[in-house]
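Undergrad: Please read through the structure below; I'll follow up with questions.
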Amino acid sequence: MAEGNLERTMLLIKPDGVRRGLVGEIIGRMERKGLKIIAAKTLRVTPELAQRHYVEHHGKVFYTALIQHMTSGPVVVLALEGRSAISVVRLLTGTTNPQTAAPGTVRGDLALGLTPNLVHASDSAEAAARELDLYFTPEEYLSYSQVGEEYF
């Protein structure tokens, strides 16, 4: 994304978010902030895909529980695009620990625990590119204009 600070990032709604019926609430927060959904899918993450996604956490104490959680039910994966999308999504989702996440964030308002914390959001341009490639092919991205996009 070379135009200004237009970025592409990934947001994954974890199995606890899907089970609790929070997909619409979480997506709504992203859309109300002006982020554009350019690809989306619901799927069940395989153990192999979860291991590739969370490769940087391999060997950490929480790794096994994270892989088990991510493969325990369906997830919703979104490719989002917008101005400073990576940092905006991270701000909207809140810190990993819902007990210290700010009120008004997805995790601060809705999450119940450290691993079942509703969402995963890419933390850098490199991570976003790698993670998006795990879930989407280039042909799956859709380009369109949003109403009011000129204000973003």
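Undergrad: Suppose we keep only residues that are in a helix (DSSP H, G or I) and of a type in the set (A, V, I, L, M) within segment 17-49. Which one would you say is farthest from the chain's Cα centre (by Cα)?
TA: Looking at the filtered set, the residue picked out is 49.
Undergrad: Here's something else I'd like to know. Sort out which residues of segment 100-125 are closer than 16 Å to residue 88 by Cα, free of Cβ contacts under 8 Å to residues at least 60 places away in the same chain and assigned to a helix (DSSP H, G or I), and write them in order of number.
TA: Within segment 100-125, 107, 108 qualify.
Undergrad: If you don't mind, there's one more thing I want to ask. When you go through (1) surrounded by fewer than 19 Cβ atoms within 10 Å (Cβ to Cβ); (2) modelled with pLDDT of 95 or more one by one for residue 10, which number turns out not to apply?
TA: (1)
Undergrad: Enumerate the pairs (first residue in segment 25-37 and closer than 12 Å to residue 148 by Cβ; second residue anywhere and at pLDDT below 95 and of a type in the set (A, V, I, L, M, F, W, C)) with beta-carbon separation below 8 Å, excluding pairs fewer than 6 apart on the same chain, so at least 6 apart or on different chains.
TA: 34/152
Undergrad: Now for a different question. Out of all the residues in segment 84-99, which are in a loop (DSSP other than H, G, I, E, B) and in contact with a strand residue (DSSP E or B) (Cβ under 8 Å, 6 or more places away or on another chain)?
TA: Within segment 84-99, just 84 meets the criteria.
Undergrad: While we're on this one: Look at segment 40-62 and say how many of its residues are at pLDDT below 95 and either in contact with a Ser or Thr (Cβ under 9 Å, 6 or more places away or on another chain) or aromatic (Phe, Trp, Tyr) (or both).
TA: Counting residues in segment 40-62 that are at pLDDT below 95 and either in contact with a Ser or Thr (Cβ under 9 Å, 6 or more places away or on another chain) or aromatic (Phe, Trp, Tyr) (or both) gives 1.
Undergrad: Any residue that is assigned to a helix (DSSP H, G or I) and either at pLDDT below 95 or out of contact with any Phe, Trp or Tyr (no Cβ under 9 Å at 6 or more places or on another chain) (or both) - is there at least one of those in segment 70-83?
TA: no
Undergrad: Out of 47, 74, report the one residue that is surrounded by fewer than 19 Cβ atoms within 10 Å (Cβ to Cβ) and farther than 28 Å from residue 104 by Cα.
TA: Of the residues listed, the single one that is surrounded by fewer than 19 Cβ atoms within 10 Å (Cβ to Cβ) and farther than 28 Å from residue 104 by Cα is 47.
Undergrad: While we're on this one: Can you confirm whether residue 97 is surrounded by fewer than 21 Cβ atoms within 10 Å (Cβ to Cβ) and in contact with a Lys or Arg (Cβ under 9 Å, 6 or more places away or on another chain)?
TA: yes
Undergrad: Could you grab me the full set of residues in segment 133-152 that are hydrophobic (A, V, I, L, M, F, W, C), surrounded by 11 or more Cβ atoms within 10 Å (Cβ to Cβ) and more than 23 Å from residue 50 (Cα to Cα)?
TA: Within segment 133-152, 142, 152 meet the criteria.
Undergrad: I'd like the residue in segment 53-66 that is assigned to a helix (DSSP H, G or I) and under 16 Å from the mean Cα position of the chain (by Cα) and, out of all such residues, is nearest to residue 136 (Cα to Cα).
TA: The residue in question is 53.
The values are calculated or read from the model by the stated rules, or taken from the named source; none is laboratory data. A quick note: this is a predicted structure, and the numbers were derived from the prediction, not measured. Note that we place each Cβ from the backbone using ideal geometry, even for glycine, and neighbour counts take in every protein chain shown.
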